[in-house]
């Protein structure tokens with residue numbers, strides 16, 4: 001027996017060469033000699049017998065301080081039917097546009113339904129909703145139909161057509177209210193763009209709060225917020241006729257609404273609830289218009 005042959009002991013084994021190399025660096029940092037032995041399948045970290053006790057102890061401490069990263073299972077993203085909500089949105093907006101263009105029930109649609117800061121402060125609440133269905137011209141209408149359908153599609157896929165569009169209508173009205181309170185009382189506006197950006201905010205808030213994206217690193221955690229703000233800046237600003245305040249407040253209100261909806265996300269799979277909320281969304285707009293025309297008729301008799 002040759003006493004000059006050192007007695008090597010295995011202190012770590014792995015099928016991953018990088019794992020052996022990392023632990024080799026740990027041993028090198030405390031001056032423990034080592035070798036990495038490969039057998040074609042995996043590798044082993046070996047040290048002289050007299051160092052084996054210290055090596056095992058140091059590697060155990062290293063493993064305790066650096067536990068393996070366990071990947072979180074992917075979160076299942078809801079896939080609801082979105083098209084009924086988009087169809088309802090297009091129908092409501094187009095019907096109101098046709099009625100306005102043909103002066104049905106009188107040429108008072110815009111005077112009755114637009115956002116008017118002074119009148120809203122005086123109690124004409126319906127304007128928060130009715131203004132969402134009015135447009136200045138065909139180009140204005142077309143742009144909101146395209147972007148509203150686009151962002152509304154994602155809201156519908158996440159939340160369902162009924163819940164998604166009910167939330168869009170309510171948060172868009174909230175955005176109009178916030179914009180009215182923050183601006184001078186003479187502020188007037190029309191258009192579904194507040195609802196468009198409420199839909200964008202709704203998606204961003206829901207995705208962020210429900211953690212539907214990877215949450216391992218902060219850029220991913222903030223991804224929905226950053227993405228939503230980027231889209232807001234890219235599509236929500238324009239010429240001097242663009243109501244940037246309404247876009248921003250719509251996004252803010254929608255974002256808050258999206259976070260709140262995560263509380264009842266497990267109930268959104270109910271078809272009955274989706275139908276009820278979808279009817280309620282159309283009903284809110286209809287009731288608002290009825291209230292507006294009733295008030296206008298009452299004033300005309302005074």
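Rule-based calculations on the coordinates, nothing more; no lab input. Bear in mind the structure is a predicted one, so any value in this text is a computation, not a measurement. All Cβ positions, even for glycine, are placed from backbone atoms using ideal geometry, and neighbour counts span all protein chains on display.
With the Cα gyration tensor of the stretch 8-65 giving a ≥ b ≥ c as the square roots of its eigenvalues, does the rule (a/c under 1.5 for rounded; else a/b larger than b/c for prolate; else oblate) give rounded, prolate or oblate? Oblate is the answer for the stretch 8-65, as a/c is 1.5 or above yet b/c matches or exceeds a/b. Per-peptide packing, taken as the mean over residues of other Cβ atoms within 10 Å, places 202-212, 27-37, 152-162 in the sequence 152-162, 202-212, 27-37 from highest down.
The distance between label points at residue 38 and residue 150 comes to 5.1 nm (points 7 Å beyond Cα on the Cα→Cβ vector). Between the stretch 25-45 and the stretch 150-173, how many Å separate their Cα centres? Their Cα centres are 58 Å away from one another. Using the Cβ-Cβ distance between residue 54 and residue 276 with R0 = 51 Å, the FRET efficiency computed as 1/(1 + (r/R0)^6) comes to roughly 0.15. Length gained on full extension, residue 297 to residue 16: 93.1 nm, using 0.36 nm per residue less the C-alpha separation. In terms of packing, defined here as the mean over residues of other Cβ atoms within 10 angstrom, the peptides 250-262, 102-114 line up highest first as 250-262, 102-114.
When the chain is fully extended, how far beyond the present Cα-Cα distance does residue 101 get from residue 260, taking 0.36 nm per residue of separation?
Computed gain between residue 101 and residue 260 is 53.5 nm.
Between the beta carbons of residue 30 and residue 267, assuming R0 = 51 Å, the FRET efficiency works out to 0.35 to the nearest 0.05. When you count the other C-beta atoms within 10 angstrom of each residue and take the mean per peptide, 137-149, 163-175 line up highest first as 163-175, 137-149.
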